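First comes the structure, then the notes that go with it.
The values are calculated or read from the model by the stated rules, or taken from the named source; none is laboratory data. Keep in mind that what you see is a predicted model, and the values were worked out from it rather than measured. Reconstructed Cβ throughout: ideal geometry from the backbone, glycine too, with neighbour counts over all protein chains shown. The accessibility values were calculated without ligands, DNA or RNA, using every heavy atom of the protein model including side chains. Shrake-Rupley method; radii C 1.70, N 1.55, O 1.52, S 1.80 Å.
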Amino acid sequence: MASGKSSSLADTLTAKGVSRRDFLKFCAAMTAALALPMKYTDRVAAAVASAKKPVLVWLEFQDCAGNSESLLRASAPSVSEIVLDVLSLDYHETIMAAAGHQAEEALKMATAEPGSYLAVVEGSIPTKDGGVYCTVGGRTALDIAREVCGNALATITCGTCSAFGGLPAASPNPTGAVSVQEAVPGATVINLPGCPMNVANLTATVVHYLTFNALPATDQFGRPLFAYGSRIHDDCERRAHFDAGQFVREWGDEGHRAGWCLYNMGCKGPATYHNCPMVRWNDGTSWPIGAGHGCVGCSEPAFWDTMTPVYGRLPNVPGFGVEATADKIGVGVVGVVAGAFAVHGVASAVRAKKDPLPKSQAKIEEDA
Ligand code: SF4
């Protein structure tokens, strides 16, 4: 585990051999990811370079460890990994060398001072039967979460299980699994849902915190707007095919091979908010829809109950202002396509007018 809270990130990056050029490239990428004007790159760079390592405690409860995998999976050490690595990650059960009493001691020490650390939580929290379905070191996840998240400066939930309950909370929810916010109502929580969350969004959240000393603006589900502010369907590379009524009808058919729209195959992109099309995965090389599979809606609350069956088609497409379905917008129904397209354009314009900048973003624009 990293420690040494006195050295700055600039010292650590230099020691790790990160060039100034690569560092600035990373800061520019983070500025873009946070949807800030590019002139903020210098401010982000100055803040990240001089920041002291915040103490971070990573708790893992009822989950599949996919978010830890997401944190660790990258083909080569990148600046973003290093930024996360140089956080004083004082406790992470899955990857820490310490075990047993030593690990418990590490958690106690890292969280001794209320308000001095950030907590990251992966996994949901079972509440049925006194919370016995998930225990660590003899304590229930509920008990640990209340203490650690209740006293944290802020808690970042990584993945849909900790953000919304996820798969363990899906009907009939045999363990009474809940999200961190439900388990610890008073805690300051920012949600990064997804199966798993994208580590780029975790890095950007931390960079936002280091730069502005505040968490980013969020939507009604506690998700940062920079990452969950736009709909997958609106940024999708297959969107032109949707608008043209070109749909994949069968896996491996001509349309599938040509990269047509996956709506008919169960894609939930029209009802899902996430920046997957822009940030992508595997060092930005691809993402599920790019690889030929529809979106499953994994960053939406209760998606296991509301967006299944995975290969079942959404009944309606939100955003058009009409109950338009892929069948109605099929090839040959030109009038409907044109109408839906026009309505969509108007709806987008109205939405853009209606939704003002989030508070923290508006303040940033004002300062600029
Ligand atoms: S339905 Fe899915 S594949 Fe088709 S344009 Fe929308 S997000 Fe992309």
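Using a probe of 1.4 Å on the protein chains alone, the accessible area found for SER230 is around 40 Å².
Run the accessible area of the range 9-228 with a 1.4 Å probe and give the carbon-and-sulfur part as a rounded percent.
Within the range 9-228, the accessible surface is 56 percent carbon and sulfur.
A cut-off of 5 Å between modelled amide H atoms, ignoring neighbours fewer than 5 places along the same chain, links THR188 with THR155. Rounded to the nearest 20 debye, the dipole magnitude of the range 9-228 is 740 debye, with +1 charges on Lys and Arg beta carbons, -1 on Asp and Glu beta carbons, and the Cα centre as origin.
Counted over the range 9-228, the DSSP beta bridges are approximately 25% antiparallel. Here ARG239 and ALA28 are evaluated by their C-beta separation; at R0 = 41 Å the FRET efficiency comes out at 0.95. Distances between placed amide hydrogens fall under 5 Å for VAL121 paired with LEU59, ILE156, THR157, CYS158, all partners being 5 or more residues away or on another chain. Across the range 173-187, rounded Karplus estimates of 3J(HN,Hα) from the backbone phi angles (6.51 cos²θ - 1.76 cosθ + 1.60, θ = phi - 60°) give 6, x, 9, x, 5, 9, 7, 5, 4, 6, 6, 10, x, x, 6 Hz, Gly and Pro being marked x. Extension gain, MET96-THR306: 0.36 nm per intervening residue step, less the Cα-Cα distance, totals 71.9 nm.
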